[in-house]
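Chemist: Submitted below is the structure of interest, expressed as structure tokens.
The values are calculated or read from the model by the stated rules, or taken from the named source; none is laboratory data. Since we're looking at a predicted model, the values are computed, not measured. Here the Cβ positions follow ideal geometry from the backbone for every residue, glycine too, while neighbour counts run over all protein chains shown.
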Amino acid sequence: MDIAELGERGLIARLGRFFGQAPHILVPGGDDAAVVAPGSGALVATTDLLFEDVHFGDRTTGPFDVGWRSAAANLSDLAAMGAAPFGMLVGLGLSPGTSVEWVEAFYEGFTACSAPVGALLLGGDTCRAKSRTVAVTALGTVDPRRILRRNAARPGDALVVTGHLGASRAGLAVLLEAERYAHLGSPVREAVVAAHRRPKPRLEVPPLVFALSGRAAAMDTSDGLTDAIAQVCAQSGCGAVVDLAVLPIDAATAQVAGKQAIAWALGGGEDYELLIALEPGAAVQLVERLAAIGIGGAIVGRAVAGDRVVDTEDRPLAAPGFEHFNRP
């Protein structure tokens with residue numbers, strides 16, 4: 001059955017089971033607006049737009065994974081600010097021929113990513129569109145004294161990146177060119193495809209950072225590591241030296257990427273890891289704690305005086321991050 005047969009009201013009624021229920025949600029989805037008592041702390045809000053054939057498509061991403069990735073993108077922004085999530089709003093633009101099953105699977109994936117971390121679905125909107133469009137707003141709270149900003153790096157800081165880089169780009173490559181990578185073992189292909197389809201926002205990392213340091217800068221790597229470093233440096237008034245030899249690239253990504261591994265690690269994007277700049281001693285401890293909780297990470301460079309972002313051989317970093325308005 002498609003949504004034209006069901007109608008908007010019927011669709012909303014079907015989706016009501018996804019609305020969150022919790023003490024802080026005073027009026028859940030279904031009214032003109034949700035009412036939430038978020039508790040202590042400053043309110044943090046972020047939003048993202050995702051378009052069919054720009055951010056996702058049936059060739060690479062099923063509806064469950066579109067939902068998951070839509071939630072993850074926004075939760076990653078909250079993590080980069082040091083915020084704890086409490087709610088999500090979803091707007092969907094859908095063509096009339098979209099199946100009800102596609103929409104339900106989208107919400108199943110969305111809530112599978114968001115609900116376990118406390119980001120309950122508060123409501124949203126649906127409307128007719130020529131192609132599928134997703135607009136998500138995530139809400140969280142943060143202690144005003146513990147806000148992570150891009151402008152807090154200082155010369156001498158170590159640059160830490162969580163997890164592994166390039167895995168999402170490797171997964172996309174496998175999905176787009178299955179025959180080319182068919183010789184690789186199933187575990188390799190499945191690992192990178194999972195990294196692309198179901199990234200994990202690093203919400204558990206900011207508390208570790210603030211347990212070690214009272215000052216840190218952060219940004220997520222959704223548009224690539226090079227982009228994140230460049231933006232943190234630009235807003236902090238410093239430069240950086242990056243050691244390409246220590247970029248955290250896992251074995252599966254390395255097998256898929258081959259000679260492109262470093263380029264994908266720097267500019268592949270959609271890894272949703274965190275770049276964090278903090279004092280060197282705290283950085284060493286942070287990497288140890290990241291390893292202890294199974295996330296992993298590495299010190300990939302240092303902030304320096306000036307405004308250049310270079311590698312250890314003084315070459316400007318290549319592979320700029322994703323820009324939505326660049327011409328194809």
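Chemist: Within the group ALA42, ALA37, ALA79, ALA33, which residue is outside the structural domain of ALA217 (by TED's automatic domain parsing), in contact (Cβ under 8 Å) with a residue 24 or more places away in the chain and within 19 Å of ALA115 (Cα to Cα)?
Modeler: Numbers: ALA42 fails: within 19 Å of ALA115 (Cα to Cα); ALA37 fails: in contact (Cβ under 8 Å) with a residue 24 or more places away in the chain; ALA33 fails: within 19 Å of ALA115 (Cα to Cα).
After applying the criteria, what remains is ALA79.
Chemist: Which of the residues belonging to region 24-78 are in a helix (DSSP H, G or I) and of a type in the set (Val, Ile, Thr)?
Modeler: Within region 24-78, the subset in a helix (DSSP H, G or I) is 63-78.
Residue satisfying the conditions is VAL66 alone.
Chemist: Another question about this same structure. Please enumerate the residues belonging to region 211-229 that are surrounded by 22 or more Cβ atoms within 10 Å (Cβ to Cβ) and either assigned to a helix (DSSP H, G or I) or among the hydroxyl-bearing types (Ser, Thr, Tyr) (or both). Walk me through it before giving the result.
Modeler: Going residue by residue through region 211-229, those that are surrounded by 22 or more Cβ atoms within 10 Å (Cβ to Cβ) are 216-222, 224-229.
Matches in region 211-229: THR221, SER222, LEU225, THR226, ASP227, ALA228, ILE229.
Chemist: Looking at region 30-64 only, could you name the residues that are small (Gly, Ala, Ser) and over 18 Å from THR126 (Cα atoms)?
Modeler: In the first step, residues of region 30-64 are kept if they are small (Gly, Ala, Ser); the result is 30, 33-34, 37, 39-42, 45, 57, 62.
Those that are small (Gly, Ala, Ser) and over 18 Å from THR126 (Cα atoms): ALA37, GLY39, SER40, GLY41, ALA42, ALA45, GLY57, GLY62.
Chemist: Please specify each residue of region 99-137 satisfying the condition of being charged (D, E, K, R) and buried (at least 17 other Cβ atoms within 10 Å of the Cβ).
Modeler: GLU104, ARG132
Chemist: Just to be sure I understand the filter: pairs with C-beta atoms under 8 Å, separated by 6 or more residues or on different chains, first member in region 52-73 and in the same structural domain as LEU89 (by TED's automatic domain parsing) and touching a residue at least 12 places away in the same chain (Cβ under 8 Å), second member part of a loop (DSSP other than H, G, I, E, B) and among the small types (Gly, Ala, Ser). Which pairs pass?
Modeler: GLU52/SER131; ASP53/SER131; ALA71/ALA119; ALA73/SER222
Chemist: Can you find a residue in region 84-98 that is more than 14 Å from VAL134 (Cα to Cα), surrounded by fewer than 23 Cβ atoms within 10 Å (Cβ to Cβ), touching a Leu at 6+ places or on another chain (Cβ under 6 Å) and modelled with pLDDT under 95?
Modeler: No - not one qualifying residue is present in region 84-98.
Chemist: While we're here: Could you say which residue among VAL241, VAL232 is in a strand (DSSP E or B), touching a residue at least 24 places away in the same chain (Cβ under 8 Å) and not charged (D, E, K, R)?
Modeler: Working: VAL232 fails: in a strand (DSSP E or B).
So the residue among VAL241, VAL232 that is in a strand (DSSP E or B), touching a residue at least 24 places away in the same chain (Cβ under 8 Å) and not charged (D, E, K, R) is VAL241.
Chemist: Could I ask something else about it? Assuming PHE322 fulfils every condition listed in (1) under 22 Å from the mean Cα position of the chain (by Cα); (2) at pLDDT 95 or above apart from one, which condition is it?
Modeler: Going through the list (1) under 22 Å from the mean Cα position of the chain (by Cα); (2) at pLDDT 95 or above, PHE322 breaks only (2).
Chemist: What is the one condition in (1) among the hydrophobic types (A, V, I, L, M, F, W, C); (2) surrounded by fewer than 20 Cβ atoms within 10 Å (Cβ to Cβ); (3) under 18 Å from THR162 (Cβ atoms) that ALA245 does not satisfy?
Modeler: (3)
Chemist: Look at region 121-156 and say how many of its residues are farther than 30 Å from GLY306 by Cβ, among the small types (Gly, Ala, Ser) and not in a strand (DSSP E or B).
Modeler: Here the count works out to 2.
Chemist: Residue check, GLY185 against (1) at pLDDT 95 or above; (2) of a type outside the set (Phe, Trp, Tyr); (3) surrounded by fewer than 24 Cβ atoms within 10 Å (Cβ to Cβ); (4) out of contact with any Pro (no Cβ under 6 Å at 6 or more places or on another chain), all met but one. Which one?
Modeler: The single condition GLY185 does not satisfy is (1).
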